[in-house]
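Worksheet: the structure to be examined is printed underneath.
Please treat every number below as a calculation from the coordinates, not as lab data. No experiment lies behind these values; they were computed from the predicted model shown. Glycine also receives a Cβ, built like all others from the backbone with ideal geometry; neighbour counts cover every protein chain displayed.
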Amino acid sequence: MFAVFDGFGGDDISNFCSENATEALEKTTPTLSIRQRIQQTLNSLIEQLQVKKGAMEKIGTTACLCLKNKEEICIANIGDSGAMILKKNGNLRRITTEHSVENKNELARIEKLGGVLLNGGGKIRLQGELSITRAIGSTSLHPYLSEEAEYIEPTLEEEDAYIILGSDGILKHLGDKIDSPIRKSPLEIANKIQEIAVLNGSKDNTTVVAIELIV
């Protein structure tokens, strides 16, 4: 399992998820599908955090997790972190949805619940506070801020080389291609992607994980 947690309002929730995700996965039922196991992992983290509800009112984290074995891959995404596929020719393709105020489907869901978008700090935000519409934590914004994950089981092709998990500081500053040769280690690929995001003007958290694929 690989994961990126991008905290906001503080790092307590993102640190908790990072430190406890492996143990939560180990307690899932081994005979279940990897989608069910990653779902159980996320549910366990959220349930554990409910006892910290008072501390979670204004802080939270995005979450993008990838669970894989030799036959299957499943990605779970909450918020504006996400996953891309990097092909051998350097092309990048995003495979997750950004859960933000820029997503029309998310806006329709929020309006149906009675939530509103307000100007906060010069930007349009959910209830005037957050630009993301799904996250773990920030309980003061529930039910408009959803903890429900998007699950994707990508069909891989022979030309697919890596799955890239990244925070929004990575995803929003990459474009659709990198020029670096793909015959590099996962760490070299991750470092290259981070370098590109920073050179392209990213001032945000640039957390990135590269997961090598064997198809």
Checklist entry - Taking only C-alpha pairs under 8 Å that are 6+ residues apart, what is the relative contact order of the chain in percent? => result 22
Next on the checklist: Can you compute the modelled spin-label distance between residue 68 and residue 212, with each label point 7 Å from Cα toward Cβ, in nm?
Outcome noted: 1.1
Checklist outcome for this item: In degrees rounded to 10, the 0-90 angle between helix 34-50 Cα long axis and the longest Cα principal axis of the chain is 30
Checklist entry - So how strong a dipole does segment 16-57 carry about its Cα centre when Lys and Arg Cβ are +1 and Asp and Glu Cβ are -1, to the nearest 20 debye? => result 140
Checklist entry - Computed over the Cα atoms of the chain, what is the ratio Rg over Rh, Rh following Kirkwood? => result 0.97
Item to check | Modelled FRET efficiency - R0 41 Å, residue 23 with residue 105, Cβ distances, 0.05 increments | outcome: 0.75
Checklist outcome for this item: Helix 104-113 sits off the longest principal axis of the Cα atoms of the chain, rounded to the nearest 10 on a 0 to 90 degree scale, by 20
Checklist outcome for this item: In segment 14-104, the GluC sites (Glu not before Pro) that sit in a DSSP loop and have at most 13 other Cβ atoms within 10 Å of their own Cβ are 71, 72, 102
Checklist entry - Can you work out D for segment 137-215 in µm² s⁻¹ from Stokes-Einstein, where Rh is the Kirkwood radius over C-alpha pairs, the temperature is 37 °C and the viscosity is 0.692 mPa s? => result 226
Checklist entry - Helix-derived [θ] at 222 nm for the chain: sum -39500 (n - 2.57) over DSSP H runs of at least 4, divide by residue count, nearest 500? => result -8500 deg cm²/dmol
Checklist entry - What list of ³J(HN,Hα) couplings, whole Hz, do you get for segment 14-21 from phi and the Karplus terms 6.51, -1.76, 1.60, once you set θ to phi - 60° and write x for glycine and proline? => result 5, 5, 4, 5, 4, 7, 10, 5
Item to check | Top positive-direction residue, dipole computed over the chain with Cβ charges, set 63, 127, 84 | outcome: 127
Checklist entry - Roughly how many debye, to the nearest 20, is the charge dipole of segment 2-212 about its Cα centre, given +1 on each Lys and Arg Cβ, -1 on each Asp and Glu Cβ, and no other charges? => result 240
Checklist outcome for this item: To the nearest 10 degrees, the tilt of helix 186-199 (Cα long axis) against the first principal axis of the alpha carbons of the chain is 60
Checklist entry - Could you give the distance between the Cα centres of segment 55-78 and segment 101-147, to the whole Å? => result 19
Item to check | Distance between modelled label sites at residue 88 and residue 151, nm, 7 Å Cα→Cβ extension | outcome: 3.2
